[in-house]
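What follows is calculated from the coordinates using simple rules that are stated; it is not laboratory data. Predicted model, so just to flag it, every value in this text is computed and none were measured. With ideal geometry, Cβ positions are generated from the backbone for all residues, glycine too; neighbour counts draw on all protein chains shown.
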Amino acid sequence: MKNTGRYLLFLLVLFGFINKVNAVCDSKARLELSTAASNVTMDYEIETFVFDIDGNIHRELNPSDIEISETSSYQLDERVVLKISNVTDKVYVALYSAEDNINKEYHYKDLEDGSLIYDVPDTLNIRHYTLTIFSESLDCETEELRKIEVATPKYNDYFEEGVCQNNNASYCNKYVTTDVSISESEYRRLLDEYMKNMETPDEEENPTQNNKEDNSKNIILYSVGIVIIFILLVIIIVSIFKRRKRTKEMESMRGV
């Protein structure tokens, strides 16, 4: 009986201890973790960077301050950048991408003010990234709190083609996050339209400029015409004056 009481007391103490441990990861703790996870963001930006001849990025250089020439040791290029922000000491994140063969964890101590900049290797293909957010708490360490999935864009091969000149269609965007295709009939139609515009004379493409040129020509013609008329009038007046003078001289001679 005495031993039974001890066993019961031991079970009560153990049960209380377990409840106390579990109570640490209670609803309040979960709410704090959920809030921390909801503030974490992952998105991409397309930025212009300064590269050297070896392909290294120089973030310390401002692209607008770099003079680009054939002999320059620097060149400008666009790069897709993945940005992760707002990671706190309550959570950690795991970045995964099958295309990049990356599956890496990042804790707050590994980051700069809770932020991470990841340079996407190239823009030739669409790439997919998954960021999984976990609890940093030992009491809730198994908690997978949230997932963020982002697809980064690739360069659109149609962008510089004639069919996309002055064309605001979605398949003419410079960067796209879905594979772009134009039907053969639509491609031919757009190409024919582009070729016709190329063959159109400049005066039809810029009527304002043509009007200015026509006005200038008209002004010159009017000016020349006025000068010619003035000269003719002078000639006529001089001729009349000479004729009258000659007539008076003849009459004077007859009178003599």
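Numbers at a glance
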| quantity | calculated |
| --- | --- |
| ASN56-ASN197 FRET efficiency (beta carbon distance; Förster radius 45 Å; 0.05 resolution) | 0.60 |
| Share of alpha-carbon pairs per 5 Å distance bin for the range 162-203, given as whole % | 5, 21, 27, 21, 13, 8, 4, 1, 0 |
| Summed side-chain charge close to CYS25 - residues other than CYS25 whose Cβ falls under 11 Å, Lys, Arg +1, Asp, Glu -1 | -3 |
| Overall form of the range 26-155 per C-alpha gyration tensor (a/c, 1.5; a/b vs b/c) | prolate |
| Simple spin-label estimate for TYR96 and ASP179 in nanometres, 7 Å along Cα-Cβ | 2.4 |
| Sum of side-chain charges, SER38 neighbourhood, beta-carbon under 13 Å (Lys, Arg +1; Asp, Glu -1) | +3 |
| FRET E, pair SER216, ILE117, Förster distance 41 Å, beta-carbon r, rounded to 0.05 | 0.10 |
| Given LYS90/LYS147; LYS28/LYS104; LYS83/LYS147; LYS83/LYS104, the pairs whose alpha carbons are separated by over 18 Å | LYS28/LYS104 |
